[in-house]
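Beneath this line is the structure, given in structure tokens, with notes to follow.
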Amino acid sequence: MSAPAPPAHVDPHLAPVMEARPTGLTDNSEGMAYLERLPRRLVTTYLPLLVILAVLLFPFYWMALTAIKPDEQLIDMERFNPFWVVDPTFKHIHKLLFETQYPRWLWNTMYVSVAATVLSLFASVLAAYACVRVRYRGAGWVGAAIFLAYLVPPSILFIPLATIVQAYGLFDSPIALILAYPTILIPFSTWLLMGYFKTIPYELEECALMDGASRWQILTKVILPLAFPGLISAGIFSLTLCWNEFIYALTFLSSTQNKTVPIAVVSEFVDGDVYKWGSLMAGALLGSLPLVILYSFFVEYYVSALTGAVKE
């Protein structure tokens, strides 16, 4: 049976070479073959992943373990294995949920975080669009200045902000945190959205302008639907920062019922040099679960938006 003739567009001088070429290999089969060898995969892939997984999951394991340990096992580390529990108890979790105001603290944290995130995203979208798409002199310098504002540490800002909060009568109110958190959220969110807006082709806006659309219509009907991953990423970042923030909440809030989870757990379960480790770890674990669930649903959008921002 004769060999098939080479295609018409192939040089006849190359036909013998193409016929002698193995049919079961692709162009990059030999170059990627080292990844198929098990020993190398164990060293270069599985072992680093195992180490990273252990480092990331160990804090959650330790919090869960401490939350269900009886008091005597928390105190006596010599008689009991610190990495395991005997006769687990839910006394600490019951005390946290039903003998304290933890549900109220969790609601305060959620309310402040969501409100501050929405406010920051609204301002960041407008600022990022103005710096990237609206052509005016010094737009690049304005974007750089906004990002440099993110580098100012909160430990410097909380003293003047506390004076402003006290002057306007907002002390010991969640509104104080909602208005203060955007000062640390807007700069980074604006920089992140600027990088993502630059990846959207400008020709789409030109077509919309030719059809008579206004800048507001272009932003809401063209840019924002395409920038949904960037919005998700900026929203997750802002929500996480608000959820875990400590300095502003400790400075602006004093009454127990208005506190958020980070400061309430520390202030209510630490009495001098006495640490109620069971309830303390139970509160930290339950307080971190909403963020873990949020990241598990939107991690792909988060990574893609960060990649787009870093490219720019």
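The values are calculated or read from the model by the stated rules, or taken from the named source; none is laboratory data. Please read these numbers as outputs of a predicted model, since none were measured by experiment. Backbone-built Cβ (ideal geometry, glycine too); neighbour counts: all protein chains shown. Protein only, heavy atoms only, side chains kept; ligands, DNA and RNA dropped before computing areas. Shrake-Rupley method; radii C 1.70, N 1.55, O 1.52, S 1.80 Å.
Starting from the exponent 0.38 and prefactor 2.2 Å, build the expected Rg for region 65-191 from its residue count and divide its actual Cα Rg by it. Before the final figure, lay out each step's value.
Details: Rg = 22.6 Å, N = 127, 2.2 N^0.38 = 13.9 Å.
This ratio for region 65-191 stands at 1.63.
Report in % the part of the accessible area of region 86-225 that belongs to carbon and sulfur, leaving out ligands and nucleic acids; probe 1.4 Å.
Numbers: 5540 of 7870 Å².
Roughly 70 percent, rounded to a whole number.
Just to verify a number: what accessible area does residue 228 come out at with the full protein assembly present, 1.4 Å probe, Å² rounded to tens?
For residue 228, the solvent-accessible surface is approximately 90 Å².
For residue 245, which sequence-distant residues (separation of 5 or more, or a different chain) have an amide H within less than 5 Å of its own amide H, given hydrogens modelled in the peptide plane?
none
In the full protein assembly as shown, how much of residue 186 is accessible to a 1.4 Å probe, in Å² to the nearest 10?
50 Å²
Check which residues have an amide H placed less than 5 Å from residue 89's amide H, if you skip close sequence neighbours.
It is 69, by chain and number.
From the Cα trace of region 225-297, what convex hull volume per residue do you get, rounded to a whole Å³? Can you show the working numbers first?
Working: hull volume 7.7 nm³, N = 73.
Per-residue hull volume (Cα only) is 106 Å³.
Arrange the peptides 166-174, 74-82, 107-115, 264-272 so that the one whose residues have, on average, the most other Cβ atoms within 10 Å appears first. Intermediate results must be reported in sequence, preceding the final value.
Details: 166-174: 14.1, 74-82: 11.1, 107-115: 19.1, 264-272: 16.3.
Packing proxy ranking, top to bottom: 107-115, 264-272, 166-174, 74-82.
Enter the accessible area of residue 53 (Å², nearest 10), with the probe set to 1.4 Å and all protein chains included.
Residue 53 exposes around 90 Å² with every protein chain in place.
In nm, to one decimal, how far is the residue 171 label point from the residue 114 one, both placed 7 Å along Cα→Cβ?
Taking the two extended label points, one gets 3.0 nm.
Where does each of 95, 221 land when they are ordered by accessible area, with a 1.4 Å probe and the largest first?
The most accessible residue leads, giving 221, 95.
For residue 69, which lysines qualify as cross-link partners when the Cα separation must be under 23 Å and same-chain residues fewer than eight apart are set aside?
Reachable lysines: 91, 95, 276.
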